[in-house]
Amino acid sequence: MEKELAKTYNPKDIEDKLYQKWLDKKYFHAEVDKSKKPFTIVIPPPNITGQLHMGHALDNAMQDILIRFKRMQGYNALWQPGTDHASIATEVKIIEKLREEGIEKQDLGREGFLERAWQWKEEYGGRIIEQLMKLGSSCDWGRERFTMDDGNNHAVNKVFVKLYKDGYIYKGSKIINWCPICHTSISDAEVEHEEQSGHFWHIKYPIAGEEGYVEIATTRPETMLGDTAVAVHPEDERYKHLIGKNVILPIMNKEIPVVADAYVDKEFGTGVVKITPAHDPNDFEVGKRHDLPEVNIMNDDATINENGGIYSGMDRYEARKAIVKELKEQGLLVKVEDHSHNVGTHDRCHTTIEPLVKPQWFVKMDDLIKPAIEAVKSGEIELIPHRFEKTYFNWTDNIRDWCISRQLWWGHRIPAYYCDSCGEIIVSEEEPSRCHVCGSTNFRQDEDTLDTWFSSALWPFSTLGWPEKTEELNYFYPTDVLVTGYDIIFFWVIRMIFSGYAHMGEKPFSKVLFHGLVRDSEGRKMSKSLGNGVDPLDVIDKYGADALRFSLITGNAPGNDMRFYWEKVESSRNFANKVWNASRFIMMNLEKADIPETIDERILTQADRWILSKSNTLVREATDNLETFEMGIAAQKVYDFIWEEFCDWYIEMVKPRLYNDEDNTKVAALWTLQKVLTHSLKLLHPYMPFVTEEIFCTLQEMTGLKEKESIMISSWPIYNPDWEFTKDTESIELIKGAVKGIRNVRSEMNVPPSRKATVIVVSDSERIREIFTESKVFFATLGFASEVLVQKDKSGISGDAVSTVIPSAQIYIPFADLVDIDKEIERLTKEKERLEGELKRVKGILANPNFVSKAPESKIAEENAKLEKYRDMMDQVMERLQSLDK
RNA sequence: GGAGUCAUAGCUCAGCUGGGACGAGCGUUCGCUUGACGUGCGAAAGGUCAUGGGUUCGAAUCCCUUUGACUCCACCA
C-alpha cells in the first residue's frame, strides 16, 4: 500500500496540503466555455478590515457547498470573490489607529490619509481572504476584485454620471441623518431605532399681543432655539382661533406664527406642536408646506451654534438642561412627564443621530425600484425562504430617496465638479477641462464620497467586467444564486436588484438564499462588546474545517437563526472520524484483493443489493434536497446513511465474507464496499471537502481505479433505476428487525456477547425461511449466535427459551439456565399490550366508513397490510403466552 | 403602530406540499478490550408536539383565539 491512513483523523495533517493542491491544479478556476452551462455565485464581499466571524463561516460554507455540488454535476461553476472597502467602517478603524499614534485625520490631509488607508488595505485586506481559504472556499481567486479597484471605480463613475444625466441622481438640501461622532450623513437604512426612556416637557408659549398662552409638549426642548412656528390641527376647535396669530418663542423672545397642519394629532400631547424645520424630519415637511424659515442651531458635532444665542457652544444635552432650567425660572415650564420614545442611532457607533438640513446627493428611488418590485412579484427572482418577500415589499413599498453622499475620505469620490468662477456643477467621469458656461478652466471636485453600498450594488456585474462588454459578463451574468444574511436585504439585496435592471437591463441573480445569524450558545448575538464571539479559526484549529462546516449547516431550517455549540462541532468531527475509519477498514481489505471495475451482478447477495439500493435512493434524495437548497436535510441524510446503514449494518454484515477467502461472494462484497463508499464520499464532499478528498485520493491510488485525480472534479453520482432492489430491501429490513429483537432480549437479560447461543427461527412461510437461511451468517456476528436453525414448526423448542416476535416469524433463544419465566411473561405481556394499542388504532381507522371511502387507495392498502402484520404478531405472542402459562 | 419568526424529549433543534413522533445531536441509565473507529459498539429511559377553538375520514403540520419569547420596519411631537 502506497499510502496509509492514520488511526484517527487529524484535519491539520491534510487541510492546508489539500487546499494548496487544489490551488496548484487550478480547480477553482472557471473559464468561459460555451459548451458548458455556467453556474455562478458572487461572494458577498467581506470588509477589508474584517476578521472572519461565524456569520462569514456560515455564509461561505453554504456558497461553497452549492458551488462544489454544481461543479461536480458538470456545470462550469464560478464563485466570484472579492472584498469591500467598507468606507465608514474602515475609515473609523484607521482613525482609531492614527489616534494611537497621536495623529488626527485632519493632520494628514486627504491625500495623506488616503495613503494610509491604502497601506491598511494592503496590510489587512488579504487577511480575510486567507481565512476564507482555511474554510475550504473554492473561489476563483485569480478573479478576486475589490470595490475600489480600477474597474469598479470606472463602473461607479459611469453609473453615477448616467443616473445623474437621466435625472435619477440629484443634489438637494434635505433633512438627513447626521452622526455627530462620525461627522457624516448616513442613509435611513443605517439608522437603528432604540427605545429609550426620556421625558416630555410641557412648555408655555405666550400668545403675542394678548393674554394667555399655548402649551406645547416636546421631548427635545433644546431644539426650540430653532423653532419657526407652532402647529395645530386645522379642525381642532380648541385652537382654531389661534391660527394665523403669533406666539412668542420663549428664551429667543421672537414671534413665530401658528400654522394649521393635518400632520398634528389632536389626541396626542397637548395638540400643539412646536415646529423646528431644521432639526426634525416631520417639521421639515411642515416647514416646506408653510414656507417657514429653517434655522439651523447646531454644529456638526452637535453643539449649539451661534444661532443659539447664549447657549452657543454647549453640547446638545447640556443645552437641554440649561434651557429647561431657564424655562422653569421664567415659570414657563408646566410639567415634566416620563416618556419612552424611539431614538434613532447610528448603527456603527450607536450615537444618537441628529436630523440636520444639509446639501447632499440623493438617488431618486420611486421609478428605479419598480422593476425590482415586479421581479420578485412575478417570481423572476425568488427569495428563499419565501417569507422574506414580505420584508422585501415592506421596504420597497415605502421606499424613500437614497442619500448617497458621505462626508468621508475613504471611498469613491463623487464625480461632480464645481466651476470656480460661475459655480456650475459638472458631473462627469473625468475632470472637465473647461466650463461649458463661463469657459473657466478651474474646478473643484466635490469633497464627498459615496455610500459604500453604492459600489456593492453593482457587484454582480462590475466584478464580471462591466462596463466593458467582457465575455465573462456575457456568459456568467445573470448569476444563479446569491447567498446572504437576511440582515442586509435593504442595504444590499434590493439595491443590487434595482441596479441590475437599471444598468444591465436584467436581473443580477435568479435566487436569493437567506440564512440567519449565528448566535452564542445562550442565543445572544455574538459581539465584541459582550466578548462572546467564537473565532471560526479556533474551531478549525481544534476540530477542522470540515467539522465546522458540517455543524453550521445541519440541524436548522433555512433563514432561521442558530446557536453555536462546541458539542455540535465535536460530534461533526466524530462523524469525519467515522468516515475516515470506515474507509480505513475498507481499504485494509481492498489492498489485498484485486477488484474488477465491473462484476457479474448475479453474485451480489441480498445485503449487497440492499445497500446499493439504499445508496441509490440516497443519491436521488440528497440531490433533490440540494437542488432545492435544503442543504441541512441533505447532509443529515448522508450522515444517517453512512453511519447507520453503511457502517453499523452493512460493514458488519459483510465482515464474515471478507474474512473467508473461500467465499465466492467476497469479491462482490469488496466491489460493493468500494462502490458505495465512493458514492458516499462524493455526496459528502460539498460539506466535508477535505476528509473526502484525502480518502478519495488514497482509495484511487490503492485500487488503481483512476476516475479523477481529485474528488472535487469527479462526477456527482446519478440515480440508477436498475438499482431499486425492493425485495432485497424488504428481506434485509426483516433481518435487521430480527437481530434487533435478539439484541434487545440479550441486553434485557444481561447476557454478554461472550455467551453464544443457538437461535431458532420459526416461520410457516417458505419465503421467510429462505430469507433467513440465506442470511444465517448475520446472526453469528450481529446476534452472537452459535448456530442458527430455521424451521417450519416449533419442534424441539422447550418452554425455557426466550423469544421475540417479528412479522411472520418467531425467534427463540434457549437460555435454559437463565430463563426467568415470570420475566419472560412480563416481557411478552408488554409486547402484547403494545400490539393491542396498534391493533386498536388500525382497526379503528379501517372501521371508519369515511376513511375507507375518502382516503386514497394506497393509504388504505397500507393500513390493511399493517393490520395483517399486527394480527400475525399478536397471534404468535398469544400462542407463546399460552405455552408458558402451563 | 405595522410585519415577521419561534413555542416538539433534560438541553439545542429537525420534521417539505396534512396520513401512525422507528425524530437528530448532546446529556442520562445499563452492558460491551466484537480482528476500522471508546472521536467507538449494543440496549434503554424520556414528548397529552404552548393554549382554546375550527376545517378534514385524518392536524405537530392548514385557519382563527389566547399566552409567552424574539426580530425587523415605522416621522406621533
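I need the full set of residues from the range A:596-621 which are of a type in the set (Val, Ile, Thr) and surrounded by fewer than 19 Cβ atoms within 10 Å (Cβ to Cβ), in order please.
Within the range A:596-621, A:Thr598, A:Ile599, A:Ile603, A:Thr617 meet the criteria.
Just one of (1) closer than 16 Å to A:Asp59 by Cβ; (2) more than 9 Å from RNA strand B (Cβ to nearest atom) trips up A:Asn556, so point out which.
(2) is the only condition that A:Asn556 fails.
For the range A:372-386, how many residues are more than 20 Å from the chain's Cα centre (by Cα) and surrounded by fewer than 17 Cβ atoms within 10 Å (Cβ to Cβ)?
5
Give, as residue ranges, the strands (runs of 3 or more DSSP E) completely inside the range A:424-507 that count at least 2 residues that are touching a Ser or Thr at 6+ places or on another chain (Cβ under 6 Å).
Once the strands (runs of 3 or more DSSP E) in the range A:424-507 are filtered for at least 2 residues that are touching a Ser or Thr at 6+ places or on another chain (Cβ under 6 Å), what remains is A:479-485.
Could you grab me the full set of residues in the range A:206-221 that are of a type in the set (A, V, I, L, M), within 11 Å of RNA strand B (Cβ to nearest atom) and surrounded by fewer than 17 Cβ atoms within 10 Å (Cβ to Cβ)?
Across the range A:206-221, there are no qualifying residues.
Which of the residues that make up the range A:117-171 are touching a His at 6+ places or on another chain (Cβ under 9 Å) and among the acidic types (Asp, Glu)?
Within the range A:117-171, just A:Asp140 meets the criteria.
Could you please let me know if A:Lys121 is of a type outside the set (A, V, I, L, M), in contact with a Phe, Trp or Tyr (Cβ under 9 Å, 6 or more places away or on another chain), closer than 27 Å to A:Asn60 by Cα and in a helix (DSSP H, G or I)?
Here the answer is yes, as A:Lys121 does meet what is asked.
Look through the range A:218-260, keep the residues that are in contact with a Lys or Arg (Cβ under 9 Å, 6 or more places away or on another chain) and of a type in the set (Gly, Ala, Ser), and return whichever of them is nearest to A:Met314 (Cα to Cα).
Within the range A:218-260, the match that is nearest to A:Met314 (Cα to Cα) is A:Ala229.
Considering only residues that are more than 29 Å from A:Thr452 (Cα to Cα) and aliphatic (A, V, I, L, M), which ones fall in the range A:171-207?
A:Ile203, A:Ile207
Residues that are among the hydroxyl-bearing types (Ser, Thr, Tyr) and within 30 Å of A:Pro558 (Cβ to Cβ): list the helices (runs of 4 or more DSSP H) wholly contained in the range A:11-112 that include at least 3 such residues.
Hits in the range A:11-112: none.
Can you find a residue in the range A:849-868 that is over 25 Å from A:Arg755 (Cβ atoms), away from RNA strand B (no atom under 16 Å from the Cβ) and either at pLDDT 85 or above or touching a Pro at 6+ places or on another chain (Cβ under 7 Å) (or both)?
Looking through the range A:849-868, none of the residues is over 25 Å from A:Arg755 (Cβ atoms), away from RNA strand B (no atom under 16 Å from the Cβ) and either at pLDDT 85 or above or touching a Pro at 6+ places or on another chain (Cβ under 7 Å) (or both).
Tally the residues that are without any contact (Cβ under 8 Å) to a residue 40 or more places away in the chain and in a helix (DSSP H, G or I), restricting the search to the range A:595-616.
Result for the range A:595-616: 2.
If you take the residues in the range A:135-169 that are without any contact (Cβ under 8 Å) to a residue 40 or more places away in the chain and not in a helix (DSSP H, G or I), which one is farthest from A:Asp84 (Cα to Cα)?
This residue is A:Asp166.
State the number of residues belonging to the range A:262-295 that are part of a loop (DSSP other than H, G, I, E, B) and either within 9 Å of RNA strand B (Cβ to nearest atom) or surrounded by fewer than 17 Cβ atoms within 10 Å (Cβ to Cβ) (or both).
Residues meeting the conditions: 14.
Quick one: is A:Tyr543 within 8 Å of RNA strand B (Cβ to nearest atom) and over 30 Å from A:Asp722 (Cβ atoms)?
No: the conditions fail for A:Tyr543.
Please enumerate the residues belonging to the range A:566-587 that are without any contact (Cβ under 8 Å) to a residue 60 or more places away in the chain, more than 6 Å from RNA strand B (Cβ to nearest atom) and either of a type outside the set (Ser, Thr, Tyr) or surrounded by fewer than 21 Cβ atoms within 10 Å (Cβ to Cβ) (or both).
A:Trp566, A:Val569, A:Glu570, listed by residue number.
Against the definition (within 16 Å of RNA strand B (Cβ to nearest atom) and under 31 Å from the mean Cα position of the chain (by Cα)), how does A:Glu389 come out, yes or no?
Answer is yes for this residue.
Within the range A:625-640, does at least one residue satisfy the condition of being within 30 Å of A:Asp535 (Cα to Cα), within 13 Å of RNA strand B (Cβ to nearest atom), in contact with a strand residue (DSSP E or B) (Cβ under 8 Å, 6 or more places away or on another chain) and modelled with pLDDT of 90 or more?
Yes, there is a match, as at least one residue in the range A:625-640 is within 30 Å of A:Asp535 (Cα to Cα), within 13 Å of RNA strand B (Cβ to nearest atom), in contact with a strand residue (DSSP E or B) (Cβ under 8 Å, 6 or more places away or on another chain) and modelled with pLDDT of 90 or more.
Kindly establish whether A:Glu468 is in contact with a Leu (Cβ under 9 Å, 6 or more places away or on another chain), of a type in the set (D, E, K, R) and at pLDDT 95 or above.
no
Do we have A:Met702 as among the aliphatic types (A, V, I, L, M), within 16 Å of RNA strand B (Cβ to nearest atom), surrounded by 12 or more Cβ atoms within 10 Å (Cβ to Cβ) and not in a loop (DSSP other than H, G, I, E, B) here?
yes
Output the number of the condition that A:Ile251 fails; it satisfies all remaining conditions of (1) outside any helix (DSSP H, G or I); (2) under 21 Å from A:Gly198 (Cβ atoms); (3) touching a residue at least 24 places away in the same chain (Cβ under 8 Å); (4) under 50 Å from the mean Cα position of the chain (by Cα).
For A:Ile251, the failing item is (4).
Restricting attention to the range A:157-205, and to residues there that are more than 23 Å from A:Phe284 (Cα to Cα), touching a strand residue (DSSP E or B) at 6+ places or on another chain (Cβ under 7 Å) and at pLDDT 95 or above, which single residue is surrounded by the most Cβ atoms within 10 Å (Cβ to Cβ)?
Among residues in the range A:157-205 that are more than 23 Å from A:Phe284 (Cα to Cα), touching a strand residue (DSSP E or B) at 6+ places or on another chain (Cβ under 7 Å) and at pLDDT 95 or above, the one surrounded by the most Cβ atoms within 10 Å (Cβ to Cβ) is A:Phe160.
Give the range A:93-112 a look and list any residue that's in contact with a helix residue (DSSP H, G or I) (Cβ under 6 Å, 6 or more places away or on another chain) and more than 30 Å from A:Ala57 (Cβ to Cβ), or say none.
A:Lys105
When the residues of the range A:745-756 are narrowed to those that are touching a residue at least 60 places away in the same chain (Cβ under 8 Å) and in contact with a strand residue (DSSP E or B) (Cβ under 7 Å, 6 or more places away or on another chain), which ends up surrounded by the most Cβ atoms within 10 Å (Cβ to Cβ)?
Out of the qualifying residues, it is A:Val745.
Cβ-Cβ below 9 Å, separation at least six or inter-chain, first residue in the range A:622-638 and under 15 Å from A:Phe514 (Cα atoms) and touching a residue at least 40 places away in the same chain (Cβ under 8 Å), second in a helix (DSSP H, G or I) and within 10 Å of RNA strand B (Cβ to nearest atom): which pairs?
A:Glu630/A:Asp624; A:Met631/A:Asn625; A:Gly632/A:Asn625
If only one of A:Ala809, A:Ala738 is more than 47 Å from the chain's Cα centre (by Cα) and surrounded by 14 or more Cβ atoms within 10 Å (Cβ to Cβ), which one is it?
A:Ala809
Within the range A:509-528, restricting attention to residues that are within 8 Å of the chain's Cα centre (by Cα) and outside any loop (DSSP other than H, G, I, E, B), which residue is farthest from RNA strand B (Cβ to nearest atom)?
Among those that are within 8 Å of the chain's Cα centre (by Cα) and outside any loop (DSSP other than H, G, I, E, B), it is A:Leu513.
The values are calculated or read from the model by the stated rules, or taken from the named source; none is laboratory data. Note that this is a predicted model, so its numbers are computed, not measured. Here Cβ is always computed from backbone atoms with ideal geometry, including for glycine, and neighbour counts include all displayed protein chains.
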